[in-house]
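What follows is a set of notes on a single structure, which appears directly below.
The values are calculated or read from the model by the stated rules, or taken from the named source; none is laboratory data. Keep in mind the model is a prediction, meaning the values are calculated, not measured. For neighbour counting, all protein chains shown are included, and Cβ atoms are generated from backbone atoms with ideal geometry for every residue, glycine included.
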Amino acid sequence: MKLFKPVMTALLSAVFAFSSAVSAHNHGGSTEPGVSVQLWSVNRTLADDFEGTIKALGEMGFDGVELAGDYGPYGDDPEGLKAFLAEHGLKVSGAHVHFDAFNEDNFDDTVAFFTAVGAKKLIIPMDHRAFTDSEVDNVVTDLVRYSEKLEPYGLKTGYHNHAEEFDRFGDTTYWDYIAASTPERVVLQLDVGWVVAAGKDPEEYVRRYPGRTLTAHIKAGLPDDAPADAKPILGQDVADWKGVIQAMKEVGGTRWLVLEQEVYPDGMTQLEAVQASMNGLQEILSDL
């Protein structure tokens, strides 16, 4: 089903601008989000030693983890995984899953597993259709349909951006089109690093869609013209972290800041780079 066409973008933007103004009122007020880590950040380390890696992340002071498909020895034991994480002071802030997890064959198993492990937000990590003119409407359709189907179970789905979603689509961007074409129950998981890489202002995007940034990826932002001494470590990059995190607290509805590390500079191991970015994030948060 085609929900919207590019020629209607201007009308949609006006409608959702009004909706956003109402939502800003409803979602106003500062909140203190938890700090989670995307487990893809330590994917190789996790594959070598799942339980030791989780223990190390807990010792770094994280409040939670965002799952990314590797459940170690707990693939058939979500209650055991939840208990093991709790032993190390960790909750599940959410999970990255693909659309096929919600199809007819997989839906019941998906709901059962993530309900048992405590993951309430099941985010689509990437879909090439989302930045393809002829296919983006299909992503919108899937997000609307599955978000409605998950709602009775207390679960949400949403979409996570890369840089490509900020390419032009008609007179808007793919990201804005997806945001304007989906209801508020669909989470817009903003990846700050990719927004900066795309040359956009992440704070502006949080404020543009109040109450939609329930989780956000906190990743060092380095555009092509970044200074030579900038590094892909939080606090050593070029993103205005104070501004964007304050916006998340004030209007984004953000409950989890999900640290993500995809580059490991200066010969750092995955855990060393995550620790460095966690140190940087803690300094940023202490100044807010």
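Suppose the filter is at positive phi and in contact (Cβ under 8 Å) with a residue 24 or more places away in the chain; does Gly221 pass it?
Numbers: at positive phi: no; in contact (Cβ under 8 Å) with a residue 24 or more places away in the chain: yes.
No, not satisfied.
Output the residue which, of all residues in the range 16-43 that are surrounded by fewer than 18 Cβ atoms within 10 Å (Cβ to Cβ) and among the polar types (S, T, N, Q), is modelled with the highest pLDDT.
Ranking the candidates gives Asn43 first.
Output yes when any residue across the range 88-102 is in a strand (DSSP E or B) and within 25 Å of Pro265 (Cβ to Cβ), and no when none is.
The first filter runs over the range 88-102 and keeps only residues in a strand (DSSP E or B), leaving 91-96.
Adding the requirement that they be within 25 Å of Pro265 (Cβ to Cβ) leaves 96.
Scanning the range 88-102 turns up at least one residue that is in a strand (DSSP E or B) and within 25 Å of Pro265 (Cβ to Cβ).
Would the range 170-191 turn up any residue that is free of Cβ contacts under 8 Å to residues at least 60 places away in the same chain, under 25 Å from Gln261 (Cβ atoms), crowded, with 21+ Cβ neighbours inside 10 Å and of a type in the set (Ser, Thr, Tyr)?
no
Taking the condition of being of a type outside the set (D, E, K, R), over 14 Å from Lys91 (Cβ atoms) and outside any helix (DSSP H, G or I), how many residues in the range 39-75 meet it? So that I can check it myself, show each step before the final result.
Initially, the range 39-75 is screened for residues of a type outside the set (D, E, K, R), giving 39-43, 45-47, 50, 52-54, 56-58, 60-62, 64-65, 67-69, 71-75.
This time we only want the ones that are over 14 Å from Lys91 (Cβ atoms), so: 40-43, 45-47, 50, 52-53, 56, 60, 68-69, 71-75.
Checking which are outside any helix (DSSP H, G or I) leaves us with 60, 68-69, 71, 75.
So the answer is 5.
Among the residues of the range 111-127, are any in contact with a His (Cβ under 7 Å, 6 or more places away or on another chain), outside any helix (DSSP H, G or I) and of a type outside the set (A, V, I, L, M)? It would help to see each step written out before you state the result.
Taking the range 111-127 and keeping what is in contact with a His (Cβ under 7 Å, 6 or more places away or on another chain), we get 123-126.
Then drop every residue that is not outside any helix (DSSP H, G or I), which leaves 123-126.
From what's left, of a type outside the set (A, V, I, L, M): 125.
Yes; the residues of the range 111-127 include at least one that is in contact with a His (Cβ under 7 Å, 6 or more places away or on another chain), outside any helix (DSSP H, G or I) and of a type outside the set (A, V, I, L, M).
Can you name the residue in the range 221-252 that is in contact with a Ser or Thr (Cβ under 7 Å, 6 or more places away or on another chain) and in a loop (DSSP other than H, G, I, E, B) and, of all such residues, is surrounded by the most Cβ atoms within 10 Å (Cβ to Cβ)?
Residues of the range 221-252 that are in contact with a Ser or Thr (Cβ under 7 Å, 6 or more places away or on another chain), as a first pass: 233-234, 248-250, 252.
Of the ones still in play, those that are also in a loop (DSSP other than H, G, I, E, B) are 233-234.
On the way: Ile233: 23, Leu234: 27.
For the range 221-252, the residue satisfying everything is Leu234.
I'd like the full set of residues that are surrounded by 13 or more Cβ atoms within 10 Å (Cβ to Cβ), under 19 Å from Val263 (Cβ atoms) and out of contact with any helix residue (DSSP H, G or I) (no Cβ under 6 Å at 6 or more places or on another chain), limited to the range 44-61.
Within the range 44-61, Leu57 is the sole residue that qualifies.
Go through the residues of the range 103-110 one by one and say whether even a single one is crowded, with 19+ Cβ neighbours inside 10 Å, hydroxyl-bearing (Ser, Thr, Tyr) and farther than 23 Å from Tyr159 by Cα. Steps first, answer last, please.
Taking the range 103-110 first, the residues crowded, with 19+ Cβ neighbours inside 10 Å are 110.
Adding the requirement that they be hydroxyl-bearing (Ser, Thr, Tyr) leaves 110.
Imposing the further condition that a residue be farther than 23 Å from Tyr159 by Cα reduces the set to none.
No, that holds for no residue.
Please determine whether any residue of the range 253-268 is surrounded by fewer than 18 Cβ atoms within 10 Å (Cβ to Cβ), farther than 30 Å from Arg185 by Cβ and touching a Leu at 6+ places or on another chain (Cβ under 8 Å).
no
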